[in-house]
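The values are calculated or read from the model by the stated rules, or taken from the named source; none is laboratory data. Because the structure is a prediction, the values reported are computed rather than measured. All Cβ positions, glycine included, derive from the backbone under ideal geometry; neighbour counts span all protein chains shown. To get the accessible areas, we keep the full protein, side chains included, count just its heavy atoms, and leave off ligands, DNA and RNA. Shrake-Rupley method; radii C 1.70, N 1.55, O 1.52, S 1.80 Å.
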Amino acid sequence: MQIPYELILGWRYTRAGRATRRNGFISFISGVSMRGIALGVAALIIVLSVMNGFQKEVRDRMLGVISHIEVFAPNGTALVDPQKTLAEIKANPEVVGAATFIAAQALLARGEDMKGTMVRGIDPALEGQVTDLAVELEKTAFPKLVSGGFGVVLGGELARAMGVREGDTVTLIAPSGQVTPAGVVPRLKQMTVVGTFDSGHFEYDSALVMMHQDDAAKIFRLEGPTGIRIKLKDLHKARDVAQELSKTLSGDLLIRDWTRQNKTWFSAVELEKRMMFIILTLIVAVAAFNLVSTLVMTVTDKRADIAILRTLGASPKSIMGIFMVQGAMVGVIGTLSGLLLGLGIAFNIDVIVPALEQLFHASFLPRDIYLISRMPSEPQYSDIMPIVVISLVLSFLATIYPSWRASRVNPAEALRYE
């Protein structure tokens, strides 16, 4: 199989100058461009992988407390027929667990300290089916949550802020009060702290109060659970399953999946990823367009060679192809090198970061601040492919103008002073 001479000459020009002083500077610029592309691609892959890792870490911690989907009655009222709704939900093949709950807001007081809280009345026997946090508490705090015992499990941050621990009593103040001759009097109930939890998510650790579903119904004067929490086989299908349930469930119900519960946070993360992608792509673009100066100097240096090739019968298209091959080789080698470097670091960042921490005697992720002690990383195909494609396209575009200039060289003018 005969290789086109454009490829052979293009590859030869790419390697030229390493052993000769005349073309040494051109080769140096070409090497800088190649390394710049490699570093830009690697930086993009590493940064986006780490951002994906942090997003997954926070999402997992969040889903340790909340469920994949919530079905609830409007206006915070009790479900008309919770058992029927449960049966209809479990009929969906994507559902692996479901549990009733009561959601309300209240004030929690101890002495002069008072905090606004999210109250969740749960069935301790079913809660483990819908959240990972409940699985951890099933052997510790949940056995102490008994109907009529009026015990509560507090988030760790909330307990620390109020200075309470297991066995202490707190006062729960319901928002709707009792009407008496003296006016509206808020309903107060002494509750016993039977346990605490730390989910790693500050929003819930600082505000969530869990109690038995029957006790919550009595305090908030409800006839039964206000909603049902659902766990799915695949959390990424939450939105699709929610749409399916909206068509199959009977009654006037509201359905909300986990992506909508934290829509602002997820939107902010996606916007941040998009901006980081754009900013780091500019690094690749700068390195890629260094190829323009490299090829322009190469064309100037090779004017005599171009003229000789033209006199031997090479067409302007072939001349253009030679220099496009040269630039494309730099882009391809730089991109592949950056891809290998970026993936190598991204997949081994849990080893590299501890080594750097030990070397510099520093902690990049203090556990008391970030709640995690290791650098998370999750390279995703959907991020890596656009990076590679954009790098190759930018490298190819950078070769067009210098290659066109090479094809326009006049052989007679180029050989006049040779």
In Å, what Rg and Dmax follow from the Cα atoms of the stretch 110-178? 13.2, 38
How would you order 143-156, 299-312 from highest to lowest mean count of nearby Cβ atoms within 10 Å? 143-156, 299-312
Relative contact order (percent, whole number), the stretch 67-163, Cα cutoff 8 Å, 6+ residue spacing: 19 percent
Rounded to the nearest whole Å², what accessible area per residue is found for the stretch 162-264 with the 1.4 Å probe? 53 Å²
By how many nm would the segment from Arg405 to Thr192 lengthen if fully extended, with 0.36 nm per residue of separation less the alpha-carbon distance? 68.4 nm
Charge dipole of the chain about the Cα centre (unit charges at C-beta), most positive-ward option of Ala346, Ala242, Ala104: Ala346
Quick one: compute the contact order of the chain, relative version, from alpha carbon pairs under 8 angstrom and 6+ residues apart, as a percent. 28 percent
Taking Cα centroids, how far is the stretch 297-342 from the stretch 190-226 in Å? 70 Å
Keeping the other protein chains in place, figure out the carbon and sulfur percent of the accessible area of the stretch 175-279, with a 1.4 Å probe. 55 percent
Can you tell me the Rg and the Dmax, both Å, for the Cα atoms in the chain? 32.6, 113
Cα-based Rg / Dmax (Å) for the stretch 268-418: 22.6, 75
Axial C-alpha extent at least 20 Å, average Kyte-Doolittle at least 1.0 - helices from the chain (DSSP): 24-63, 263-301, 316-347, 381-407
Probe radius 1.4 Å, ligands and nucleic acids left out: which of Trp265, Trp11 has the largest accessible area, and how do the rest follow? Trp11, Trp265
How much length is gained if the chain between Ile173 and Asp132 is pulled fully straight, taking 0.36 nm per residue apart and subtracting their Cα-Cα distance, in nm to one decimal? 11.9 nm
How about the stretch 59-135: which GluC sites (Glu not before Pro) there lie in a loop by DSSP and see at most 14 other Cβ atoms within 10 Å? Glu112
With +1 assigned to the C-beta of every Lys and Arg and -1 to the C-beta of every Asp and Glu, and no other charges, what is the dipole magnitude of the stretch 273-349 about the Cα centre in debye, to the nearest 20? 200 debye
Surface accessible to a 1.4 Å probe, Phe364 within the full protein complex, Å²: 90 Å²
Which one of Ala268, Val193, Ser33 is farthest out on the positive end of the charge dipole of the chain, using unit charges on Cβ (Lys, Arg +1; Asp, Glu -1) and the Cα centre as origin? Ser33
Karplus (6.51, -1.76, 1.60) ³J(HN,Hα), θ = phi - 60°, over the stretch 206-220, in Hz, Gly and Pro reported as x: 9, 9, 8, 10, 10, 9, 5, 4, 5, 5, 5, 4, 5, 5, 9
With a Förster distance of 45 angstrom and the Cβ-Cβ distance between Leu271 and Lys317, calculated FRET efficiency to the nearest 0.05 equals 0.50
Computed magnitude of the charge dipole of the chain (debye, nearest 20; Cβ of K, R +1, Cβ of D, E -1): 1840 debye
At 1.4 Å probe size, with no ligands or nucleic acids counted, give the accessible surface of Thr248 in Å², nearest ten. 90 Å²
Taking 0.36 nm per residue of separation between Ser147 and Gln358 and subtracting their Cα-Cα distance, the length gained on full extension comes to 70.8 nm
Taking a straight Cα-to-Cα line shorter than 17 Å from Lys139, and setting aside same-chain aspartates and glutamates fewer than 8 residues away, one finds Asp123, Glu127, Glu166, Asp198
Considering only the stretch 132-225, what is the antiparallel percent among its DSSP beta bridges, to the nearest 5? 70 percent
Take Val332 and Ala412, extend 7 Å from each Cα along the Cα→Cβ direction, and tell me the distance between the two endpoints in nm. 3.8 nm
For the stretch 126-253, what value does the Rg/Rh ratio take when both radii are computed over Cα atoms and Rh is the Kirkwood radius, given to two decimals? 1.03
